[in-house]
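Structure, as structure tokens:
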Amino acid sequence: MLPRYRSVVASAFLIACLATTTVQAEKVPTDPFTERTEVQAFIAEMVADHGFDRDELYSLLAAIAPVPKAIALIKPPADPGVRSWQRYRSRFIEPKRIAAGKRFMARYATELERAEARYGVPRAIIGGIIGVETIYGKHTGTFNALATLTTLAFDYPPRAELFRKELRELLLMARSEQRSPGTYQGSFAGALGLPQFLPSSIRAYAIDFDGDGHIDLQESVADAIGSVANYLAVHGWQRDQPVATTVIATGTGIDAAVAEGISPRRNADEWREQGVDVRQVGAGETALELPSALRSLPAALIDLITPAQPTEYRLGYQNFYVITRYNKSTFYASAVMDLAEELAPSKR
């Protein structure tokens, strides 16, 4: 179910937002964004394609000061260091987050059960994503979304196209909600609310799950729960199917198998033909044959590397791939899966 948005007059929207727009606590630059050719082209596009008032949009963007911290945080590190699955995992699978997750699961059991029933996404997976993203709403971000997205759209060329799209979506979303775009607060990348949706994802996948007539991913936990479930369902979640299986992988074809990527392509027998033998991890790290139901499922071979330790391998099925549509990282999807296991009803 996709959100329905009301059409309102652009001028009324922008008159209201000019009075209330707040940006990062920095002085307005001597050369405002609106003196730049690319910003003027963006304004012209919003006028021509979406009916915004040029002068009001010009005034809105002219008042925005850059947010250099957003660029500093979004840039890849100059020295990325060595990736470590165990170090990454320890940030999310730790006692405080697990305890907060169990409280969240108990408090919102009705909403989680309803989302699971409607969309087929297990309640623990929904809880796992919200837990990894914001520790159940504890850290949703302190950046002004309008200023941040404008900065990234016009001061960060490597991803300018993406962030100009998100700036456009924020303006359209704010107009639909009859709200000033300067009142949205989120991450350094412009992600919003408990599930950290970008504006384009809010407009495409967020839903009114509490039935109050509007969508609010910041204050309505029910809307956040339903929206996460809807997002995963739209991206191909398979009801009652596994996410991934931890395996022992041996053979000469492991590197080639990993290089095939994270989209599920081959079942266990087909992997064996490619020189990779995969067996389920049993008690005491013993290698067991995969059950026939798992052997037949297409999967990707996922390598979770930790320096100076044996690599952990998982067979990632369709639902693992769907989680990577939320965040395109095998570490991320594996952490969501592991946190979900801690939150599953059998652990409580």
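Considering the stretch 208-230 alone, what residues qualify as being buried (at least 23 other Cβ atoms within 10 Å of the Cβ), under 14 Å from A115 (Cα atoms) and in contact (Cβ under 8 Å) with a residue 60 or more places away in the chain? Result: F209, A224, I225, G226, V228, A229, N230.
Selection of the stretch 64-99 for residues being within 25 Å of A145 (Cβ to Cβ), among the small types (G, A, S) and surrounded by 13 or more Cβ atoms within 10 Å (Cβ to Cβ) yields A65, A70.
Enumerate the helices (runs of 4 or more DSSP H) found wholly within the stretch 43-116, keeping only those where 2 or more residues are closer than 30 Å to L304 by Cβ, touching a residue at least 40 places away in the same chain (Cβ under 8 Å) and of a type in the set (A, V, I, L, M, F, W, C). Walk me through how you get there before you give the answer.
Working: elements: 54-62, 68-74, 85-92, 95-107.
Ranges flagged: 68-74, 85-92, 95-107.
Against the test of being out of contact with any Lys or Arg (no Cβ under 7 Å at 6 or more places or on another chain), in contact (Cβ under 8 Å) with a residue 60 or more places away in the chain, over 19 Å from T324 (Cα atoms) and surrounded by 15 or more Cβ atoms within 10 Å (Cβ to Cβ), the options A249, A233 yield a single qualifying residue, A249.
Would you pick out the residues in the stretch 249-263 that are of a type in the set (A, V, I, L, M) and under 15 Å from P310 (Cα atoms)? Working first, answer last.
Residues of the stretch 249-263 that are of a type in the set (A, V, I, L, M), as a first pass: 249, 254, 256-259, 262.
Answer for the stretch 249-263, where residues must be of a type in the set (A, V, I, L, M) and under 15 Å from P310 (Cα atoms): A249, I254.
Restricting attention to the stretch 265-291, the residues that are in a helix (DSSP H, G or I), over 18 Å from T246 (Cβ atoms) and under 31 Å from the mean Cα position of the chain (by Cα) total 0.
Consider V278 carefully, then state whether it is closer than 22 Å to Y205 by Cβ and aliphatic (A, V, I, L, M).
On the way: closer than 22 Å to Y205 by Cβ: no; aliphatic (A, V, I, L, M): yes.
Considered against the rule, which asks whether it is closer than 22 Å to Y205 by Cβ and aliphatic (A, V, I, L, M), V278 comes out as no.
Selection of the stretch 138-159 for residues being surrounded by fewer than 19 Cβ atoms within 10 Å (Cβ to Cβ), touching a residue at least 40 places away in the same chain (Cβ under 8 Å) and outside any helix (DSSP H, G or I) yields T142, Y156.
Rule-based calculations on the coordinates, nothing more; no lab input. Keep in mind the model is a prediction, meaning the values are calculated, not measured. Virtual Cβ from ideal backbone geometry, glycine too; neighbours counted across all protein chains shown.
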